Every structure is written in structure tokens, then in C-alpha cells.
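Working notes, beginning with the structure itself.
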Amino acid sequence: MISESRPGNEGKLFAKELLKFGLKVELISDAMAALYVPRVDAAIIGADEILKNGNAINKVGS
């Protein structure tokens, strides 16, 4: 499951790349992410920047 990651749609682009490798991908809207939480064992999120102290800077809602 990959959320769209609006407004830049990075999730949509990431899903297209994963499909090239033959991976199963389910693209959902950002608003639907909360509905999927009970089915998730782990989450991987991106970051716009990782600081020296380990903090991550990303979009609101990450």
C-alpha cells in the first residue's frame, strides 16, 4: 500500500517504479491511510531531510 503523497504525488511515482520490478502495489489516497493502519505491520516513510541529530523533516502528516 502506497499513499499518493499529495501535492507532489511522490507516492504515485514510487508506485510506478515498484511496478517496473514486478512488485504488487496498491495505491491509495492520502485520506484513506488511516483506514489501512489496522492491516499494517510496518511503515516506511520518506524524508525531505535528515538532520545530524537524527531528526527528520518531511511534509505535514508524515
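Coordinate-derived values only; no laboratory data. Predicted, not measured: the structure shown is a model, and the values here were computed from it. Cβ atoms come from the backbone with ideal geometry, glycine included; neighbour counts cover every protein chain shown.
Values computed for the structure shown
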read-out	value
Cα-based Rg of the chain normalised by 2.2 N^0.38 Å, two decimals	1.21
Per-residue [θ]222 nm for the chain (sum of -39500 (n - 2.57) over DSSP H runs n ≥ 4, rounded to 500)	-6500 deg cm²/dmol
Placed amide H near ILE28: partners under 5 Å, 5+ positions off or other chain	ILE2, SER3, GLU4
The chain: angle of helix 10-20 to the longest principal axis, Cα-based, in degrees nearest 10	50 degrees
13 Å beta-carbon shell around ALA47, net charge (K/R +1, D/E -1)	-2
Gain on full stretching of the segment that runs from GLU17 to VAL60 - 0.36 nm per residue minus C-alpha separation	13.1 nm
